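Read-outs: derived from the displayed coordinates by stated rules, not from any lab. For clarity, every value in this text was computed on a predicted model and none was experimentally measured. When we count neighbours, we look across all protein chains shown, and the Cβ atoms used for this are built from the backbone with ideal geometry, even at glycine.
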Amino acid sequence: TCIGRESNPGQLLGSSTLLRRLEISVAEAEKRTGKNTVNMQETFTVYLIETRPIDAITDGHNPAPDSLWRRYSEFELLRNYLLVTYPFIVVPPLPEKRAEFVWHKLSADNLDPDFVERRRVGLENFLLRVASHSVLSNDKILYHFLTEEHEWKEVVYETGFQAKADSRIKALSATFRVKNPDKRFTEMRHYSDELQSITSQLLRVRARVADRLYGVYKVHGNYGRVFSEWSAIEKEMGDGLQSAGHHMDAYAASVDDILEEEEHYADQLKEYLFYAEALRAVCRKHELIQYELETASSDLVSKKHQREELATGMVRTFSFKGMTNKLFGQEAPEQREARLGLLEEQIVEGEETVKEKTSECQEYVKDAWVDIQRFKEQKDRDLREALVSYAVMQISMCKKGIQVWTNAKECFQKM
Amino acid sequence: MSGTIVDSAVFPNQTNTMAADISGQMLDLDEDDDLEVFSKQATRGSAFEFEEEEASDFKDIFVTVDNPESHITAIETFITYRVLTKTTRSEFDNSEYEVRRRYQDFLWLKGKLEEAHPTLIVHPLPEKFVVKGMVERFNGDFIETRKNALHRFLNRVADHPILSCSEDFKVFLTAQVWELASYKKQGPGLLSRMGETVRAVANSVRGVKNRPEEFTAMQLYVEAFSNKISSLDKVTQRIVKEQKEYLGELKEFGPIYTLWSGSEEELVGPLKGVAGCIERCCKETEEQVNQLSDTLVPTLHEYVLCSESLKAVLRRRDNIQAEFEAKNEALATKKVDQDALKEETDRLEDRVEWANSALKGDWGRWQRCMRGDLKSAFITTAQKNIDYYEKCQAVWETFLLSQRMDGSEDAEKDDSS
């Protein structure tokens, strides 16, 4: 069963999302040191979550926000809770744990200030997405995470969500052994694989392109140095060379900003790289539930066959018990009655189970498909916007290049 | 008047009186422009209208190098280039000439020019070999690059007021292959050339004692210039390398978007659009790299070679002065053969003065050429980069426009639904 639905009866009444009622932001990041679980000193980063009820902000009123500090691992815990509690939702991903797809000049160090800043933005994005989701935003644990600093972890563990988590092996095995999954989900799972593969390829090549672009721009800095030295020995050409040199230095320096902006594009792609995984999880869960239903159904069928065999004495299926009975004589009537009784009980239970599983499956398919559609629309919107913003960045880069080389050309003309 | 005074092939062996006349006149000239005017008057005579404004643009000899062809003999394989000359100069019997020359012939010409004018700055020839390997000698690009460099070499000689009047130059442009071969055999024999070389080495070992300040300044300049231009050459080649590697990665980037579009529905348009833009930018990048390789790299490289030529010119000037100083000392110390020694010393002294003024005159000219060449090469490069960025910007702006139009179409659909 889905825990989420049980603890959120208000959901059925079409509540508005949390974000409409609460202003949320991840405002700052700070370094802390402390003892970790094995009692060793460690340095880690904490993030300041600020919240303000929207109706408190009226004309003339600008109250200070409530705030609390959380570290990345607590965000992870929240997300894991949401994954288990709402398996039919494509849960928004967190920014990456470790810097990957790094082009060489960018630091892969988790404590690097640029990395921390990008992570802060990513964590805020995560919270905004969750808080604007029609289902997820009503979760009490989420609200607690945003508003109560202490003992939140204990409360989460108390929900017992960890026990409800499916084992990976179980999920994987179901994918291979399920017989009649909903075709749409199978297709969606294939799509999630493709999306993951494509976005990771894209991120890898982008990092290499960025690396090379960096090299091209930076080598031009050498022009700056040599022009400057050369201008010292020339008379008429000196001024032109000297000022051209300055523009070459400016050109070389401009790549830093260009590539920093591009990191934002990379982060947008990364978000969907991780979203692909979340999508796949939803499809896998369907396959698991379907598989459980199929297993329950076939168990029921086999139990009914056994009952029939016992009742009529007809051997439908080969069994060793059957054979031994034939060879060594049948069992006593009382034993047979007992067995028949047990089977009847099991059949009744089994029919209940099949009924439950069937309805679970149907509801899951319904709810998950709704969220998958929502996800699809969001993805199309977001990625289109990302591609457009990439184009905007390229245009900006071109404009800067035109500016610099026009200036340099003027200087050369004065040579 | 025409043809005799600045006939370079004859000049170094002029009698004292002639040399004195000329050197006197040349020393009077401070302006490079006047030198140009002087030499043009001397060679053209009254056969042509002389328009003062166009003095420096007045060009009456046009040379092109093209049409490389390979020749295979039993002994060797080599390339010849067609050298086409069009001229209105009176020293030439015809107005048009077409001959075929090989690299060796150019080397010969350069040697003769330097021999006749040790302190004039002769434009460098492209290198004999490509450092990377002999096998690449006959690769297409190599031949094209060499052909262009040979063309520039001949044009520089043709533009030079003194060098262009050289008899060797005339023969180079006009003689048939066998005529050139027999002409080359004339002139000082191997032994006397060897003697010259030995003297030159002795002089350079001896060193010059009283080098005039301006030539020391020139030497310092040449060393620094050589240094800087080599650096620029290296930097530019590095940029070409980095740009090519960037292009390589970019070529892999675009296709991934196309691949992605195969999995999507709504996003097919923008994904294919981005892929297309990146592909267009790849083409522009390739063109930009080619421009660098075709224009800036060869120009910078030529001036690296130029700076070596300049160093050689300064050395030769020093040697001429050293030879004079040696004879002068001998004059002071030896008691016998005073008359002969005095005559010899005077001759050498004149030679020094002539060499110095030739160099001084040509120095300004060379600096102007250098400035013009490098300025033009850098301007062209800057313009190409501007063009490159403008084209790429247009590509992305077209894409943006298509997305905005799609966006507003969707908005209309939403409104009406």
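Label zone (A:Arg32, point 7 Å along Cα-to-C-beta; backbone nitrogen cut-off 13 Å) within segment A:64-90: A:68-75. Quick one: if the Förster radius is 41 Å, what FRET efficiency do B:Arg100 and B:Arg347 give, using the C-beta to C-beta distance and rounding to 0.05? The computed FRET efficiency comes out at 0.50. When chain A is treated as a Gaussian network with alpha carbon springs shorter than 10 Å, the biggest mean-square fluctuation among A:Asn222, A:Asn138, A:Asn62 belongs to A:Asn62. Given +1 at the Cβ of Lys and Arg, -1 at the Cβ of Asp and Glu and no other charges, the dipole of chain A around its Cα centre is 1220 debye to the nearest 20. Taking a point 7 Å from the Cα of A:Leu128 along the Cα-to-Cβ direction, the residues of segment A:69-93 with backbone N closer than 18 Å to it are A:92-93. Using the Cβ-Cβ distance between B:Leu401 and A:Glu377 with R0 set to 30 Å, the FRET efficiency from 1/(1 + (r/R0)^6) comes to roughly 0.80.
With both labels modelled 7 Å from their Cα along Cα-to-Cβ, the A:Lys399 to A:Asp299 distance reads 6.6 nm.
Where the only charges are on Cβ atoms (+1 Lys, Arg; -1 Asp, Glu), what is the dipole of segment B:51-186 about its Cα centre, to the nearest 20 debye? Result for segment B:51-186 is approximately 780 debye, rounded to the nearest 20. Prolate is the label for segment B:51-186, because the ratio a/c of its alpha-carbon gyration tensor axes (a ≥ b ≥ c) is 1.5 or higher and a/b is greater than b/c. Under 20 Å of direct C-alpha separation, and excluding same-chain neighbours fewer than eight residues apart, A:Lys183 reaches these lysines: A:Lys285, A:Lys357, A:Lys366, A:Lys376.
Neighbours of A:Thr186 by Cβ distance under 14 Å: Lys/Arg scored +1, Asp/Glu scored -1, total +3. Taking the fewest neighbouring Cβ atoms within 10 Å as the starting point, the ordered list for B:Arg317, A:Arg374, A:Arg32 is A:Arg32, A:Arg374, B:Arg317. Just so you know, the Cα atoms of segment B:210-417 work out to an Rg and Dmax of 31.7, 119 Å. Near A:Ile54, once Lys and Arg are set to +1 and Asp and Glu to -1 for all other residues with Cβ below 14 Å from its Cβ, the sum equals -2.
Cβ crowding within 10 Å ranks B:His123, B:His71, A:His150 as A:His150, B:His71, B:His123, fewest other Cβ atoms first. Exposure proxy shown here: for B:Thr88, A:Thr33, B:Thr236, B:Thr380, the number of other Cβ atoms within 10 Å sets the order, fewest to most, as A:Thr33, B:Thr88, B:Thr380, B:Thr236. Taking a 28 Å limit on the Cα-Cα distance, which of the listed pairs B:Lys228/B:Lys251; A:Lys179/A:Lys303; A:Lys414/B:Lys360; B:Lys110/B:Lys244; B:Lys128/B:Lys327; A:Lys97/A:Lys218 fall beyond it? Cα-Cα > 28 Å for B:Lys228/B:Lys251; B:Lys110/B:Lys244; B:Lys128/B:Lys327; A:Lys97/A:Lys218; rest within.
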